[in-house]
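Here the structure comes first, spelled out in structure tokens, and everything after it is commentary.
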Amino acid sequence: MKLGTSLKSGYVTRDAREGARWMIERARASYEAGLDSLFVGDHHSVPVPYYQNVPILGRILAEWHERTAGVLLLLPLWNPVLAAEQLGTLAAIHDGPFVLQCAIGGDESQFGAMGTDLRHRPSRFEAGLDIIRRLFAGETVDADGPFPVAGARIAPVPPEPVAVWIGAAAPKAIDRAARLGDGFLVGPEATPAQARDLIAVYRERCEAHGRTPHTIAVRRDMHVGASTADAERVAGPVVAAGYRGFSPDAPVWGSVDTVTDAFRAFGEMGATDVIVRHLADDQREVLDSIGRLAEVRRRLTV
């Protein structure tokens, strides 16, 4: 099993440079811990500093070499030509594999701010992904539909194939992931029991479409403490306060032993990757947790 990280991108700080510095420090610590992949997310029109994925990843790639890197795009919000150009440049900057994580999104206020209607998400997702892939292949693209383009092309194209991981939870969305994706991404809100069910549905839909599952990744918001008591001190109050509206069974926190066992259980469900994000806000606590992930990863790979 592989262990990666999805860096938190939103920070409430007095100095906007501080949040950016924290992201860079977390990326560097994750690399030093030997994590296998690094991603940054996608959100728009937010009231607190949220470091947008394309420029921040461009900076972070100075800390991250040869291992997998990528961004999440809420694909219906993006013009596919612009997205393909930005991703093509990032992939050319990076000296390792590049992954496009993508999802359909669901925040009505975010869609409104970007001039897009939630009702058109499925058609925009599929049309956008098709155009991006054709541009990545070096084609000159003409298209009608949600994204009418004429004579579109990009340069540079990614120097090696870009894998597409699709996040989904609803049955139709899981079917779309099985039909169109190179990988499947289970969201952090899913409990272990729900993750098991989602993975089973995805594998069934892959079989129905005559496709072989390749990557099945599970996102977990988590904290690794120096001990069980230390993890409870840091993460317990965060979860008890109703972290992101998740079930308290969804986040993972505890000692190295506890976290390793929780992640190994996802492997037994069929997951190939666990992608972590930290529950703590305090930078020192996060960096210490990342350091302990080195031992978690070692145990998962032996």
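The values are calculated or read from the model by the stated rules, or taken from the named source; none is laboratory data. Note that the structure is predicted; figures quoted are calculated from it, not measured. As a convention, Cβ positions derive from the backbone with ideal geometry for all residues, glycine included, and neighbour counts pool all protein chains shown.
Data for the structure
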quantity	calculated
Every residue from segment 105-144 that is assigned to a loop (DSSP other than H, G, I, E, B) and at pLDDT 95 or above	Ala137, Gly138, Glu139, Thr140, Asp144
Filtered residues of segment 221-246 (kept if surrounded by 14 or more Cβ atoms within 10 Å (Cβ to Cβ), over 20 Å from the mean Cα position of the chain (by Cα) and not β-branched (Val, Ile, Thr))	Gly225, Ala226, Asp230, Ala231, Glu232, Arg233, Ala235, Gly236
Meets criteria (more than 16 Å from the chain's Cα centre (by Cα) and at negative phi) for Ala27	no
Test result for Phe98, touching a residue at least 60 places away in the same chain (Cβ under 8 Å), of a type in the set (Phe, Trp, Tyr) and surrounded by fewer than 21 Cβ atoms within 10 Å (Cβ to Cβ)	no
Residues that are touching a Lys or Arg at 6+ places or on another chain (Cβ under 8 Å), under 17 Å from Ile216 (Cα atoms) and either modelled with pLDDT under 95 or outside any helix (DSSP H, G or I) (or both), drawn from segment 232-276	Gly270, Thr272, Asp273, Val274, Ile275, Val276
Tabulated pairs, segment 238-262, first more than 18 Å from Gly291 (Cβ to Cβ), second among the acidic types (Asp, Glu), C-beta under 6 angstrom, 6+ apart or interchain	Phe246/Glu189; Ala250/Glu189; Pro251/Asp221
Single residue of Val218, Val162, Val149 found to be farther than 25 Å from Gly4 by Cα and surrounded by 14 or more Cβ atoms within 10 Å (Cβ to Cβ)	Val149
Qualifying residues in segment 6-37 (those that are of a type in the set (S, T, N, Q) and surrounded by 19 or more Cβ atoms within 10 Å (Cβ to Cβ)) - the one nearest to Leu287 (Cα to Cα)	Ser30
Any hit, segment 41-59, residues being of a type in the set (Ser, Thr, Tyr), farther than 24 Å from Ala113 by Cα and touching a residue at least 60 places away in the same chain (Cβ under 8 Å)	no
Conditions (1) touching a Gly at 6+ places or on another chain (Cβ under 8 Å); (2) more than 23 Å from Asp281 (Cβ to Cβ); (3) part of a helix (DSSP H, G or I); number of the one not met by Ala69	(3)
